[in-house]
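Comments concern the structure below.
The values are calculated or read from the model by the stated rules, or taken from the named source; none is laboratory data. Just so you know, these numbers come straight off a predicted model, no measurement behind them. Every residue, glycine among them, receives a Cβ derived from its backbone with ideal geometry; neighbour counts consider all protein chains shown. Protein only, heavy atoms only, side chains kept; ligands, DNA and RNA dropped before computing areas. Shrake-Rupley method; radii C 1.70, N 1.55, O 1.52, S 1.80 Å.
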Amino acid sequence: MSNLFYQTKSPRPVLDRADGIYMWDVSGKRYIDGSSGAMVSNIGHSNAAVLDAMRAQMDKSTFGYRLHFQTEASEELAEKITALTPDGLDKVFFVSGGSEAVESCLKLARQYVLTQGQAQRYKVISRFPSYHGCTLGALSITGMSTMTAPFDPMMQRMPKIPAPRAYLDGLDPNNEATGWYYADMLEQKILDEGPETVMAFIVEPVGGASTGALVPPEGYMQRIREICTQYGVLLIHDEVMTGGGRTGAFFGAEHWDIAPDLICLSKGFGAGYAPLGAMIARGDMVDAVMDAGGFIHGFTYAGNPLACAAGSAVLDEIARQDMVGNAAKMGDALAQRLAGLMQRYPLIGDVRGKGLLTAFELMADRGTKQPLPTAVNAHSRLVDIAYDNGLIIYSRRTRGGASGDHFLVCPPMIVTEAQLDEMTDMLDRSLAQFMAEMPKLAAE
(Lines give C-alpha, C1' and ligand atoms only; values in the text may rest on other atoms or scores of the structure.)
Protein backbone atom coordinates (compact mmCIF):
# COMPACT_ATOMS: atom_id res chain seq x y z
CA MET A 1 0.00 0.00 0.00
CA SER A 2 1.43 3.35 -1.07
CA ASN A 3 0.72 6.80 0.27
CA LEU A 4 1.50 8.26 -3.16
CA PHE A 5 -1.01 8.90 -5.90
CA TYR A 6 -0.68 10.22 -9.43
CA GLN A 7 -3.02 10.09 -12.44
CA THR A 8 -4.31 6.52 -12.24
CA LYS A 9 -4.19 3.40 -10.13
CA SER A 10 -2.14 1.48 -12.71
CA PRO A 11 0.50 -0.41 -10.72
CA ARG A 12 4.14 -0.29 -11.74
CA PRO A 13 7.17 -1.96 -10.18
CA VAL A 14 9.72 -0.14 -8.05
CA LEU A 15 12.69 1.28 -9.98
CA ASP A 16 16.07 0.01 -8.81
CA ARG A 17 18.61 1.55 -11.19
CA ALA A 18 19.07 2.95 -14.69
CA ASP A 19 22.00 3.20 -17.07
CA GLY A 20 22.12 4.41 -20.67
CA ILE A 21 18.86 3.46 -22.36
CA TYR A 22 18.12 0.67 -19.84
CA MET A 23 16.25 0.57 -16.53
CA TRP A 24 15.84 -2.22 -13.97
CA ASP A 25 13.17 -2.82 -11.36
CA VAL A 26 13.90 -4.28 -7.93
CA SER A 27 13.15 -7.81 -9.16
CA GLY A 28 15.98 -7.49 -11.69
CA LYS A 29 13.77 -7.19 -14.78
CA ARG A 30 15.30 -4.97 -17.46
CA TYR A 31 13.40 -2.43 -19.57
CA ILE A 32 14.40 -0.38 -22.60
CA ASP A 33 13.43 3.25 -22.06
CA GLY A 34 11.92 3.59 -25.51
CA SER A 35 10.26 6.91 -24.73
CA SER A 36 12.99 8.54 -22.61
CA GLY A 37 10.43 8.65 -19.82
CA ALA A 38 8.09 11.37 -21.07
CA MET A 39 10.60 12.42 -23.76
CA VAL A 40 12.89 13.71 -21.01
CA SER A 41 15.98 11.51 -20.65
CA ASN A 42 17.59 12.73 -23.86
CA ILE A 43 21.18 11.85 -22.96
CA GLY A 44 20.36 8.55 -21.26
CA HIS A 45 20.49 7.60 -17.62
CA SER A 46 23.37 7.88 -15.14
CA ASN A 47 25.73 9.87 -17.35
CA ALA A 48 28.95 10.01 -15.32
CA ALA A 49 29.96 13.53 -16.39
CA VAL A 50 26.61 15.00 -15.38
CA LEU A 51 26.65 13.20 -12.03
CA ASP A 52 30.19 14.46 -11.38
CA ALA A 53 29.12 18.04 -12.16
CA MET A 54 26.19 17.73 -9.77
CA ARG A 55 28.42 16.37 -7.00
CA ALA A 56 30.85 19.24 -7.49
CA GLN A 57 28.01 21.76 -7.22
CA MET A 58 26.63 20.02 -4.14
CA ASP A 59 29.98 20.57 -2.45
CA LYS A 60 29.59 24.32 -3.09
CA SER A 61 25.86 24.99 -2.61
CA THR A 62 22.53 23.38 -3.43
CA PHE A 63 20.39 26.51 -3.16
CA GLY A 64 20.79 30.23 -3.53
CA TYR A 65 17.67 32.34 -3.78
CA ARG A 66 17.73 34.44 -6.94
CA LEU A 67 16.85 37.69 -5.09
CA HIS A 68 19.77 37.18 -2.72
CA PHE A 69 22.58 35.87 -4.93
CA GLN A 70 23.69 35.33 -8.47
CA THR A 71 25.21 31.89 -8.97
CA GLU A 72 27.98 30.80 -11.29
CA ALA A 73 25.97 27.75 -12.36
CA SER A 74 22.94 29.73 -13.53
CA GLU A 75 25.03 32.39 -15.27
CA GLU A 76 27.05 29.73 -17.06
CA LEU A 77 23.97 27.84 -18.22
CA ALA A 78 22.27 31.03 -19.44
CA GLU A 79 25.35 31.89 -21.49
CA LYS A 80 25.51 28.39 -22.99
CA ILE A 81 21.86 28.20 -23.95
CA THR A 82 21.65 31.66 -25.51
CA ALA A 83 24.67 30.77 -27.64
CA LEU A 84 22.38 28.19 -29.29
CA THR A 85 19.36 30.43 -29.88
CA PRO A 86 18.59 32.71 -32.85
CA ASP A 87 20.01 36.25 -32.67
CA GLY A 88 18.09 38.53 -30.36
CA LEU A 89 16.84 35.76 -28.07
CA ASP A 90 19.44 36.46 -25.43
CA LYS A 91 17.60 36.59 -22.09
CA VAL A 92 16.80 33.53 -19.96
CA PHE A 93 14.42 32.98 -17.07
CA PHE A 94 14.91 29.60 -15.41
CA VAL A 95 12.04 27.48 -14.10
CA SER A 96 11.56 23.89 -12.95
CA GLY A 97 9.42 22.42 -15.73
CA GLY A 98 7.49 22.81 -18.95
CA SER A 99 4.23 24.16 -17.53
CA GLU A 100 6.19 26.83 -15.65
CA ALA A 101 8.07 27.73 -18.84
CA VAL A 102 4.80 28.18 -20.74
CA GLU A 103 3.25 30.24 -17.92
CA SER A 104 6.36 32.43 -17.87
CA CYS A 105 6.10 33.12 -21.60
CA LEU A 106 2.43 34.04 -21.30
CA LYS A 107 3.09 36.43 -18.43
CA LEU A 108 6.11 38.09 -20.02
CA ALA A 109 4.17 38.51 -23.26
CA ARG A 110 1.30 40.20 -21.41
CA GLN A 111 3.58 42.51 -19.45
CA TYR A 112 5.46 43.40 -22.62
CA VAL A 113 2.35 44.44 -24.57
CA LEU A 114 1.34 46.60 -21.61
CA THR A 115 4.64 48.47 -21.94
CA GLN A 116 3.77 49.05 -25.59
CA GLY A 117 0.46 50.68 -24.76
CA GLN A 118 -1.48 47.67 -26.02
CA ALA A 119 -3.51 46.71 -22.97
CA GLN A 120 -6.30 45.36 -25.17
CA ARG A 121 -4.03 42.51 -26.34
CA TYR A 122 -4.49 39.44 -24.14
CA LYS A 123 -5.65 36.55 -26.33
CA VAL A 124 -3.29 33.66 -27.04
CA ILE A 125 -4.23 31.57 -30.06
CA SER A 126 -3.20 27.91 -29.97
CA ARG A 127 -4.11 24.76 -31.87
CA PHE A 128 -6.50 21.87 -31.47
CA PRO A 129 -5.32 19.35 -30.56
CA SER A 130 -2.39 20.63 -28.53
CA TYR A 131 -0.84 20.27 -25.11
CA HIS A 132 1.08 23.04 -23.36
CA GLY A 133 1.00 22.07 -19.68
CA CYS A 134 -1.22 21.26 -16.73
CA THR A 135 -1.39 24.55 -14.80
CA LEU A 136 -4.57 26.56 -15.33
CA GLY A 137 -2.80 29.12 -17.51
CA ALA A 138 -1.19 26.44 -19.67
CA LEU A 139 -4.46 24.48 -19.81
CA SER A 140 -6.29 27.53 -21.14
CA ILE A 141 -4.19 27.29 -24.30
CA THR A 142 -4.23 23.48 -24.41
CA GLY A 143 -6.47 21.86 -27.00
CA MET A 144 -7.41 18.54 -25.44
CA SER A 145 -10.98 18.38 -24.20
CA THR A 146 -10.52 15.46 -21.83
CA MET A 147 -7.90 17.41 -19.92
CA THR A 148 -9.47 20.84 -19.99
CA ALA A 149 -13.23 20.26 -19.63
CA PRO A 150 -13.30 19.70 -15.83
CA PHE A 151 -11.59 23.05 -15.30
CA ASP A 152 -13.44 25.19 -17.86
CA PRO A 153 -15.27 27.29 -15.24
CA MET A 154 -11.93 28.18 -13.65
CA MET A 155 -10.14 29.33 -16.79
CA GLN A 156 -10.03 32.12 -19.35
CA ARG A 157 -10.42 29.94 -22.44
CA MET A 158 -8.39 31.00 -25.45
CA PRO A 159 -9.13 30.73 -29.20
CA LYS A 160 -7.98 27.69 -31.17
CA ILE A 161 -7.24 26.82 -34.79
CA PRO A 162 -6.93 23.30 -36.23
CA ALA A 163 -3.54 21.61 -36.04
CA PRO A 164 -2.13 20.93 -39.54
CA ARG A 165 -2.98 17.23 -39.63
CA ALA A 166 -2.66 16.85 -43.38
CA TYR A 167 -2.51 13.05 -43.17
CA LEU A 168 -6.03 12.95 -41.66
CA ASP A 169 -7.43 15.55 -44.07
CA GLY A 170 -6.13 13.82 -47.19
CA LEU A 171 -3.75 16.64 -48.11
CA ASP A 172 -0.16 16.44 -49.33
CA PRO A 173 2.18 17.55 -46.50
CA ASN A 174 5.00 18.08 -49.00
CA ASN A 175 3.04 20.71 -50.94
CA GLU A 176 3.57 24.28 -49.76
CA ALA A 177 -0.05 25.03 -50.60
CA THR A 178 -1.01 22.65 -47.79
CA GLY A 179 1.14 24.55 -45.32
CA TRP A 180 -0.41 27.84 -46.38
CA TYR A 181 -3.91 26.34 -46.15
CA TYR A 182 -3.43 25.59 -42.45
CA ALA A 183 -1.37 28.71 -41.68
CA ASP A 184 -4.01 30.98 -43.21
CA MET A 185 -6.41 29.67 -40.56
CA LEU A 186 -4.27 31.62 -38.11
CA GLU A 187 -4.72 34.84 -40.08
CA GLN A 188 -8.47 34.29 -40.27
CA LYS A 189 -8.67 33.63 -36.54
CA ILE A 190 -6.72 36.82 -35.80
CA LEU A 191 -9.15 38.77 -37.98
CA ASP A 192 -12.17 37.09 -36.38
CA GLU A 193 -10.95 37.86 -32.87
CA GLY A 194 -9.82 41.38 -33.74
CA PRO A 195 -6.08 41.88 -34.35
CA GLU A 196 -5.93 44.51 -31.63
CA THR A 197 -6.91 41.87 -29.03
CA VAL A 198 -4.52 39.06 -30.05
CA MET A 199 -1.30 38.95 -28.05
CA ALA A 200 0.41 35.73 -29.13
CA PHE A 201 0.29 32.46 -31.03
CA ILE A 202 1.89 29.38 -29.44
CA VAL A 203 2.98 26.34 -31.44
CA GLU A 204 5.14 23.23 -31.08
CA PRO A 205 7.52 23.10 -34.08
CA VAL A 206 6.99 19.32 -34.12
CA GLY A 207 3.92 18.04 -32.31
CA GLY A 208 4.34 16.31 -28.99
CA ALA A 209 1.97 14.19 -26.95
CA SER A 210 -1.26 15.64 -28.33
CA THR A 211 -0.58 15.05 -32.04
CA GLY A 212 2.09 12.36 -31.85
CA ALA A 213 5.21 13.80 -33.49
CA LEU A 214 3.25 15.73 -36.11
CA VAL A 215 5.62 17.40 -38.59
CA PRO A 216 4.08 20.57 -40.10
CA PRO A 217 3.48 20.70 -43.86
CA GLU A 218 5.88 22.52 -46.14
CA GLY A 219 5.66 26.30 -45.79
CA TYR A 220 3.61 26.24 -42.58
CA MET A 221 6.21 27.43 -40.09
CA GLN A 222 7.49 30.21 -42.35
CA ARG A 223 3.97 31.42 -43.10
CA ILE A 224 2.85 31.63 -39.46
CA ARG A 225 5.97 33.68 -38.72
CA GLU A 226 4.98 36.09 -41.48
CA ILE A 227 1.40 36.33 -40.23
CA CYS A 228 2.46 37.00 -36.64
CA THR A 229 4.84 39.73 -37.78
CA GLN A 230 2.18 41.30 -40.00
CA TYR A 231 -0.34 41.64 -37.17
CA GLY A 232 2.08 42.41 -34.33
CA VAL A 233 1.36 39.04 -32.68
CA LEU A 234 4.13 37.49 -30.60
CA LEU A 235 5.20 34.02 -31.77
CA ILE A 236 5.89 31.54 -28.95
CA HIS A 237 7.61 28.28 -29.76
CA ASP A 238 6.84 25.54 -27.25
CA GLU A 239 10.10 23.60 -27.48
CA VAL A 240 9.55 21.74 -24.21
CA MET A 241 9.68 18.45 -26.11
CA THR A 242 11.59 19.41 -29.27
CA GLY A 243 14.34 21.47 -27.60
CA GLY A 244 17.56 19.75 -26.62
CA GLY A 245 18.38 18.02 -29.88
CA ARG A 246 15.74 15.31 -30.14
CA THR A 247 14.58 16.25 -33.64
CA GLY A 248 18.09 16.30 -35.10
CA ALA A 249 18.57 20.03 -34.43
CA PHE A 250 19.01 21.58 -31.01
CA PHE A 251 15.80 23.57 -31.44
CA GLY A 252 13.02 22.20 -33.61
CA ALA A 253 12.57 25.59 -35.27
CA GLU A 254 16.05 25.28 -36.80
CA HIS A 255 14.62 22.91 -39.42
CA TRP A 256 12.75 25.89 -40.89
CA ASP A 257 15.33 28.60 -40.14
CA ILE A 258 12.90 30.88 -38.34
CA ALA A 259 13.07 32.74 -35.05
CA PRO A 260 10.21 33.09 -32.58
CA ASP A 261 9.85 35.89 -30.04
CA LEU A 262 9.78 33.54 -27.04
CA ILE A 263 10.85 29.93 -26.45
CA CYS A 264 9.60 27.51 -23.80
CA LEU A 265 12.22 24.89 -22.93
CA SER A 266 12.31 21.96 -20.48
CA LYS A 267 12.31 18.13 -20.53
CA GLY A 268 15.50 17.23 -22.46
CA PHE A 269 17.11 20.51 -21.34
CA GLY A 270 17.73 18.97 -17.92
CA ALA A 271 17.44 15.43 -19.29
CA GLY A 272 15.85 14.16 -16.08
CA TYR A 273 18.85 14.85 -13.84
CA ALA A 274 17.14 17.72 -12.03
CA PRO A 275 13.87 19.65 -12.50
CA LEU A 276 14.80 22.35 -15.02
CA GLY A 277 13.20 24.50 -17.67
CA ALA A 278 13.58 27.95 -19.15
CA MET A 279 11.88 30.80 -20.93
CA ILE A 280 14.14 32.37 -23.53
CA ALA A 281 13.11 35.84 -24.65
CA ARG A 282 14.08 38.71 -26.90
CA GLY A 283 16.29 41.12 -25.03
CA ASP A 284 14.28 44.18 -26.03
CA MET A 285 11.13 42.63 -24.57
CA VAL A 286 12.84 41.95 -21.26
CA ASP A 287 14.38 45.44 -21.18
CA ALA A 288 10.97 47.03 -21.69
CA VAL A 289 9.40 45.01 -18.88
CA MET A 290 12.29 45.64 -16.49
CA ASP A 291 12.26 49.37 -17.22
CA ALA A 292 8.53 49.45 -16.46
CA GLY A 293 9.08 48.13 -12.95
CA GLY A 294 10.20 44.54 -13.30
CA PHE A 295 8.80 41.12 -14.18
CA ILE A 296 5.82 40.33 -11.94
CA HIS A 297 6.41 36.59 -11.80
CA GLY A 298 8.72 34.04 -10.24
CA PHE A 299 9.28 30.63 -8.69
CA THR A 300 11.22 29.73 -5.56
CA TYR A 301 13.49 27.29 -7.38
CA ALA A 302 14.15 29.48 -10.42
CA GLY A 303 17.86 29.28 -11.27
CA ASN A 304 18.56 26.62 -8.66
CA PRO A 305 22.35 26.12 -8.84
CA LEU A 306 22.21 22.33 -8.60
CA ALA A 307 19.68 22.10 -11.42
CA CYS A 308 21.66 24.59 -13.52
CA ALA A 309 24.91 22.69 -12.95
CA ALA A 310 23.16 19.56 -14.19
CA GLY A 311 21.77 21.40 -17.20
CA SER A 312 25.16 22.85 -18.08
CA ALA A 313 26.74 19.40 -17.98
CA VAL A 314 23.89 18.01 -20.10
CA LEU A 315 24.60 20.60 -22.80
CA ASP A 316 28.29 19.71 -22.66
CA GLU A 317 27.53 16.01 -23.12
CA ILE A 318 25.15 16.67 -26.00
CA ALA A 319 27.94 18.56 -27.77
CA ARG A 320 30.78 16.21 -26.78
CA GLN A 321 29.02 13.10 -28.07
CA ASP A 322 27.34 14.83 -31.04
CA MET A 323 24.01 13.55 -29.80
CA VAL A 324 22.11 15.91 -32.09
CA GLY A 325 23.80 14.29 -35.09
CA ASN A 326 23.08 10.84 -33.71
CA ALA A 327 19.43 11.78 -33.17
CA ALA A 328 19.14 12.71 -36.84
CA LYS A 329 20.87 9.52 -38.02
CA MET A 330 19.11 7.15 -35.64
CA GLY A 331 15.81 8.93 -36.29
CA ASP A 332 16.06 7.95 -39.95
CA ALA A 333 16.91 4.38 -38.97
CA LEU A 334 14.00 4.22 -36.51
CA ALA A 335 11.57 5.58 -39.12
CA GLN A 336 12.66 2.86 -41.53
CA ARG A 337 12.03 0.18 -38.93
CA LEU A 338 8.61 1.55 -38.06
CA ALA A 339 7.76 1.72 -41.77
CA GLY A 340 8.70 -1.95 -41.98
CA LEU A 341 6.30 -2.75 -39.16
CA MET A 342 3.63 -0.72 -40.95
CA GLN A 343 3.99 -3.03 -43.96
CA ARG A 344 3.48 -6.05 -41.72
CA TYR A 345 0.63 -4.67 -39.61
CA PRO A 346 -2.33 -3.08 -41.47
CA LEU A 347 -3.38 -1.69 -38.09
CA ILE A 348 -0.58 0.90 -38.33
CA GLY A 349 -2.13 3.74 -40.30
CA ASP A 350 0.65 6.32 -40.13
CA VAL A 351 4.30 6.70 -39.16
CA ARG A 352 5.65 10.21 -38.64
CA GLY A 353 8.17 12.37 -36.84
CA LYS A 354 11.54 14.04 -37.10
CA GLY A 355 14.75 12.70 -35.60
CA LEU A 356 14.07 10.71 -32.46
CA LEU A 357 10.70 12.36 -31.91
CA THR A 358 8.82 9.61 -33.75
CA ALA A 359 5.38 8.07 -33.55
CA PHE A 360 3.03 5.60 -35.19
CA GLU A 361 -0.75 5.69 -35.14
CA LEU A 362 -3.13 2.72 -35.07
CA MET A 363 -6.27 2.85 -37.20
CA ALA A 364 -9.14 0.53 -38.00
CA ASP A 365 -8.85 1.48 -41.67
CA ARG A 366 -5.71 2.96 -43.15
CA GLY A 367 -7.55 4.25 -46.21
CA THR A 368 -10.37 6.09 -44.46
CA LYS A 369 -8.25 6.95 -41.36
CA GLN A 370 -11.06 5.56 -39.19
CA PRO A 371 -9.75 5.14 -35.62
CA LEU A 372 -10.02 1.93 -33.64
CA PRO A 373 -13.11 1.63 -31.43
CA THR A 374 -12.52 3.53 -28.22
CA ALA A 375 -13.61 0.46 -26.24
CA VAL A 376 -10.45 -1.33 -27.40
CA ASN A 377 -8.36 1.17 -25.41
CA ALA A 378 -5.43 0.53 -27.72
CA HIS A 379 -3.52 3.53 -26.40
CA SER A 380 -3.25 1.90 -22.98
CA ARG A 381 -3.35 -1.81 -23.83
CA LEU A 382 -0.45 -1.80 -26.30
CA VAL A 383 1.64 0.22 -23.84
CA ASP A 384 0.97 -2.39 -21.13
CA ILE A 385 1.83 -5.28 -23.43
CA ALA A 386 5.07 -3.61 -24.51
CA TYR A 387 5.89 -2.85 -20.88
CA ASP A 388 5.44 -6.52 -19.96
CA ASN A 389 7.80 -7.34 -22.82
CA GLY A 390 10.39 -4.93 -21.41
CA LEU A 391 9.83 -1.96 -23.75
CA ILE A 392 8.57 1.41 -22.52
CA ILE A 393 6.65 3.52 -25.05
CA TYR A 394 4.37 6.53 -24.59
CA SER A 395 0.80 6.90 -25.85
CA ARG A 396 -2.05 9.37 -26.09
CA ARG A 397 -5.45 9.67 -27.71
CA THR A 398 -4.83 11.31 -31.07
CA ARG A 399 -8.01 13.22 -31.78
CA GLY A 400 -8.40 15.77 -29.03
CA GLY A 401 -8.05 13.15 -26.31
CA ALA A 402 -11.35 11.45 -27.19
CA SER A 403 -10.38 8.84 -29.79
CA GLY A 404 -7.53 7.60 -31.93
CA ASP A 405 -4.34 5.99 -30.67
CA HIS A 406 -0.77 7.08 -31.28
CA PHE A 407 2.45 5.84 -29.71
CA LEU A 408 5.64 7.84 -29.31
CA VAL A 409 8.87 5.91 -29.77
CA CYS A 410 11.57 8.30 -28.58
CA PRO A 411 14.63 6.58 -27.09
CA PRO A 412 17.54 8.56 -25.64
CA MET A 413 19.77 10.28 -28.19
CA ILE A 414 22.61 7.86 -27.42
CA VAL A 415 20.73 4.91 -28.93
CA THR A 416 22.56 2.63 -31.37
CA GLU A 417 21.36 0.68 -34.41
CA ALA A 418 21.70 -2.57 -32.49
CA GLN A 419 19.50 -1.18 -29.73
CA LEU A 420 16.95 0.00 -32.31
CA ASP A 421 16.85 -3.57 -33.63
CA GLU A 422 16.21 -4.84 -30.12
CA MET A 423 13.43 -2.30 -29.64
CA THR A 424 11.86 -3.17 -32.99
CA ASP A 425 11.79 -6.88 -32.14
CA MET A 426 10.08 -6.13 -28.83
CA LEU A 427 7.58 -3.85 -30.52
CA ASP A 428 6.93 -6.47 -33.19
CA ARG A 429 6.09 -9.06 -30.52
CA SER A 430 3.89 -6.58 -28.71
CA LEU A 431 1.92 -5.66 -31.83
CA ALA A 432 1.39 -9.33 -32.65
CA GLN A 433 0.10 -9.98 -29.14
CA PHE A 434 -2.18 -6.93 -29.32
CA MET A 435 -3.66 -8.04 -32.64
CA ALA A 436 -4.31 -11.49 -31.22
CA GLU A 437 -6.20 -9.89 -28.33
CA MET A 438 -8.13 -7.39 -30.46
CA PRO A 439 -11.30 -9.43 -31.09
CA LYS A 440 -11.71 -10.04 -27.36
CA LEU A 441 -10.98 -6.40 -26.50
CA ALA A 442 -13.51 -5.17 -29.04
CA ALA A 443 -16.15 -7.55 -27.70
CA GLU A 444 -15.66 -6.26 -24.17
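Relative to the compact-globule scaling 2.2 N^0.38 Å, provide the ratio for the alpha-carbon radius of gyration of the chain.
Compactness ratio reported: 0.97.
Once Rh for region 52-119 is found with the Kirkwood sum over Cα pairs, what is the Stokes-Einstein diffusion coefficient at 4 °C and 1.567 mPa s, in µm²/s?
Numbers: Rh = 14.4 Å.
The diffusion coefficient I find is 90 µm²/s.
Less than 10 Å Cβ to Cβ from K329, Lys/Arg counted +1 and Asp/Glu -1: what total charge do the surrounding residues give? Don't skip to the end; give the middle numbers.
Details: positive: none; negative: D322, D332, E417.
That works out to -3.
At a probe radius of 1.4 Å, what is the per-residue accessible area of D384, in Å² to the nearest 10?
50
Restricting things to alpha carbons, tell me how big region 229-294 is in terms of Rg and Dmax, in Å.
Taking only Cα atoms of region 229-294, I get Rg and Dmax of 13.7, 41 Å.
Identify the residues of region 88-110 with backbone N under 14 Å of a label point that sits 7 angstrom from the Cα of I296 along the Cα-to-Cβ direction, or state none.
Within reach of a label on I296: 107-110.
Determine the order of H297, H255, H132 by accessible area, beginning with the largest, at a probe radius of 1.4 Å.
Working: H297 35, H255 70, H132 10 Å².
So, going from the largest accessible area down, we get H255, H297, H132.
Using only the Cα atoms of region 8-84, what are the Rg and Dmax in Å?
When restricted to the Cα atoms of region 8-84, Rg and Dmax are 17.0, 46 Å.
Name the residues whose placed amide hydrogens come within less than 5 Å of the amide hydrogen of I161, ignoring near sequence neighbours (fewer than 5 apart) on the same chain.
S126, R127, F128
How big is the C-alpha Rg of region 231-353 next to the rule-of-thumb value 2.2 N^0.38 Å, as a ratio?
Details: Rg = 18.3 Å, N = 123, 2.2 N^0.38 = 13.7 Å.
Normalised by 2.2 N^0.38 Å, the Cα Rg of region 231-353 equals 1.34.
Find how much the distance from D322 to Q230 grows on full extension, using 0.36 nm per residue of separation minus their present alpha carbon separation; answer in nm with one decimal. Let's see the in-between values first.
Numbers: separation 92, 0.36 × 92 = 33.12 nm, distance 3.76 nm.
Result: 29.4 nm gained on full extension.
Could you compute how much accessible surface V383 exposes when probed at 1.4 Å, giving the result in Å² to the nearest 10?
Here the accessible area works out near 20 Å².
With a Cα-only, solvent-free Debye model of region 136-286, what are the log10 I(q)/I(0) values at q = 0.09, 0.11, 0.13, 0.15 Å⁻¹?
Taking Cα atoms of region 136-286 as identical point scatterers yields -0.29, -0.44, -0.63, -0.86.
Given the options E226, E317, E417, state which has the largest fluctuation in a GNM of the chain using a 10 Å cut-off (strictly under) for Cα springs.
For the chain, modelled as a Gaussian network with Cα springs under 10 Å, the answer is E417.
Would you look at the GNM of the chain, springs on alpha carbons closer than 10 Å, and say which of G252, G20, G340 moves the most?
G340
Extending each Cα 7 Å along its Cβ direction at T416 and E193, get the distance between those two points in nm, one decimal.
Distance between label points: 4.9 nm.
Percent of accessible area on the chain owned by carbon and sulfur, 1.4 Å probe?
Ligands and nucleic acids excluded, carbon and sulfur reach 52 percent.
At 1.567 mPa s and 4 °C, plugging the Kirkwood radius over alpha-carbon pairs of region 57-211 into Stokes-Einstein gives what diffusion coefficient in µm²/s?
Rounded, D is 72 µm²/s.
Name the shape class, rounded, prolate or oblate, that the alpha-carbon gyration tensor gives for region 306-444, where a ≥ b ≥ c are the square roots of its eigenvalues, rounded holds for a/c under 1.5, and otherwise prolate holds if a/b is larger than b/c and oblate otherwise.
Details: a/c = 2.16, a/b = 1.92, b/c = 1.13.
Prolate.
Using a Gaussian network model of the chain with C-alpha springs under 10 Å, which one of D87, D59, D19 is most mobile by mean-square fluctuation?
Looking only at D87, D59, D19, the biggest GNM fluctuation is shown by D59.
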